[in-house]
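> Below you will find the structure I want to go over with you.
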Amino acid sequence: MSNNTKALVEKYGFRFTKSLGQNFLVDQSVVEDIVRGAEVSKEDHVVEIGPGVGTLTRALLEAAKKVTAVELDEKLLPILTEELKEFPNFQLIHGDATKVDFQEITEGMPMKLVANLPYYVTTPIITKLLNDQVDFQSLTIMIQKEVAERMNAGPGTKDYGSLSVLVQYYCETKILRSVPPESFIPRPKVDSTVIRLTKLKEPRAKVLDETLFFKVVRQVFTMRRKTLANNLKALGYSKEFIEEALERAGIDLKARGETLTVEGFATLANTIKGMMKGEGQ
């Protein structure tokens, strides 16, 4: 397969667009591990974001009921159409995954998402999928190692932050494998990781006001070295209000944000919400 990707790039005289952060997989073992890790079966509609020249797409088509690929670079459309023409279960959409309506693509059917994303769009796309509450079963994604580690990080670790809380509020995370730079052409300057996010049936914690919950989470990680109490002041709450909220939520006044679990953040946001209602603030 390694030769296949290179051969296709040469056959079509494809030129990589640096601004799109294109890196194509040339390692067949990674392709197989992604399909296996995504647990793709003949029942599944798989939506692939960023198919490139179709190396992974072909393996997905062989394993799934249907594959819809979303590709931004129009230079790749004729290559994908030609190379995958023998698959009646293939659908190709020219579009930007940060703007696509995923519910429309799958017509309300549950889907498994698979993606080899350019690093600069990783967080915007994942944030969109989670915040828009797209109905996906799992997202198996190859991304920069550091970003995968942040998604998978637990409380009290240096990698734990607002992205960890966002992802783990909605999903179970599992790191499947690491992928070295030589698995791609052109070679990226960083290591990659394949991680699977499995959507929970219900969010991990019961939250009264999700907007407030995420606002608190983002603010608390703005200045990591500050205590929760100091960070929350920036949201406009008085010192007395914050101290009472932390006390009611059973959180130490000197605690830092990175010590709170997803459930801990939910308790804090729900306490603030209750107090605001009670005091008419």
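> With the requirement that a residue be touching a helix residue (DSSP H, G or I) at 6+ places or on another chain (Cβ under 9 Å), acidic (D, E) and closer than 15 Å to V46 by Cβ, what does the stretch 99-141 give you?
The answer is D135, and nothing else.
> State the number of residues belonging to the stretch 128-142 that are assigned to a helix (DSSP H, G or I) and surrounded by 15 or more Cβ atoms within 10 Å (Cβ to Cβ).
Count: 3.
> Another question, then. What's the number of the condition R187 fails, among (1) assigned by TED's automatic domain parsing to the domain that holds L130; (2) under 21 Å from the mean Cα position of the chain (by Cα)?
In the conditions (1) assigned by TED's automatic domain parsing to the domain that holds L130; (2) under 21 Å from the mean Cα position of the chain (by Cα), R187 misses (2) alone.
> Moving on to the next point. Which of the numbered conditions does L166 fail, given that it passes all the others? Conditions: (1) touching a strand residue (DSSP E or B) at 6+ places or on another chain (Cβ under 9 Å); (2) farther than 27 Å from A64 by Cα.
Failing condition for L166: (1).
> Restricting attention to the stretch 205-222, does a residue exist that is farther than 25 Å from V40 by Cα, surrounded by fewer than 19 Cβ atoms within 10 Å (Cβ to Cβ), touching a Ser or Thr at 6+ places or on another chain (Cβ under 9 Å) and assigned by TED's automatic domain parsing to the domain that holds K145?
no
> Can you go through E172, E182 and tell me which one is farther than 28 Å from T222 by Cβ and of a type in the set (D, E)?
E182
> May I pose another question? What about L212, is it touching a residue at least 60 places away in the same chain (Cβ under 8 Å), in contact with a helix residue (DSSP H, G or I) (Cβ under 9 Å, 6 or more places away or on another chain), farther than 25 Å from Q137 by Cα and part of a helix (DSSP H, G or I)?
yes
> Quick one: how many residues across the stretch 224-235 are more than 16 Å from P155 (Cα to Cα), touching a helix residue (DSSP H, G or I) at 6+ places or on another chain (Cβ under 7 Å) and surrounded by fewer than 18 Cβ atoms within 10 Å (Cβ to Cβ)?
3
> If you take the residues of the stretch 236-271 that are part of a helix (DSSP H, G or I), touching a residue at least 24 places away in the same chain (Cβ under 8 Å) and of a type in the set (D, E, K, R), which of them is surrounded by the most Cβ atoms within 10 Å (Cβ to Cβ)?
E258
> Let me ask you something else. Criterion first (farther than 12 Å from I49 by Cα, of a type in the set (V, I, T) and either assigned by TED's automatic domain parsing to the domain that holds V179 or in contact (Cβ under 8 Å) with a residue 12 or more places away in the chain (or both)) does V134 satisfy it? Can you show your working first?
Working: farther than 12 Å from I49 by Cα: yes; of a type in the set (V, I, T): yes; either assigned by TED's automatic domain parsing to the domain that holds V179 or in contact (Cβ under 8 Å) with a residue 12 or more places away in the chain (or both): yes.
The answer is yes for V134.
> Out of the residues in the stretch 8-23 that are assigned to a loop (DSSP other than H, G, I, E, B) and either among the acidic types (D, E) or in contact with a Phe, Trp or Tyr (Cβ under 6 Å, 6 or more places away or on another chain) (or both), which is modelled with the lowest pLDDT?
So the first thing to find is which residues in the stretch 8-23 are assigned to a loop (DSSP other than H, G, I, E, B), and the list is 12-17, 21-23.
Retained after the next criterion (residues that are either among the acidic types (D, E) or in contact with a Phe, Trp or Tyr (Cβ under 6 Å, 6 or more places away or on another chain) (or both)): 21-23.
On the way: G21: 67, Q22: 74, N23: 79.
Among those residues, the one meeting the criterion is G21.
> T157: in contact (Cβ under 8 Å) with a residue 24 or more places away in the chain, touching a strand residue (DSSP E or B) at 6+ places or on another chain (Cβ under 8 Å) and outside the structural domain of K215 (by TED's automatic domain parsing), yes or no?
It is false that T157 is in contact (Cβ under 8 Å) with a residue 24 or more places away in the chain, touching a strand residue (DSSP E or B) at 6+ places or on another chain (Cβ under 8 Å) and outside the structural domain of K215 (by TED's automatic domain parsing).
> Being over 30 Å from P51 (Cβ atoms), surrounded by fewer than 17 Cβ atoms within 10 Å (Cβ to Cβ) and touching a Lys or Arg at 6+ places or on another chain (Cβ under 9 Å), is that true of even one residue in the stretch 165-185?
No, every residue in the stretch 165-185 fails to be over 30 Å from P51 (Cβ atoms), surrounded by fewer than 17 Cβ atoms within 10 Å (Cβ to Cβ) and touching a Lys or Arg at 6+ places or on another chain (Cβ under 9 Å).
> Something else now. Go through the stretch 139-169 and give me each residue that's under 11 Å from the mean Cα position of the chain (by Cα), within 12 Å of V217 (Cα to Cα) and of a type in the set (S, T, N, Q).
S164
The values are calculated or read from the model by the stated rules, or taken from the named source; none is laboratory data. The shown structure was predicted, so the numbers you read here are calculated from the model rather than taken from an experiment. With ideal geometry, Cβ positions are generated from the backbone for all residues, glycine too; neighbour counts draw on all protein chains shown.
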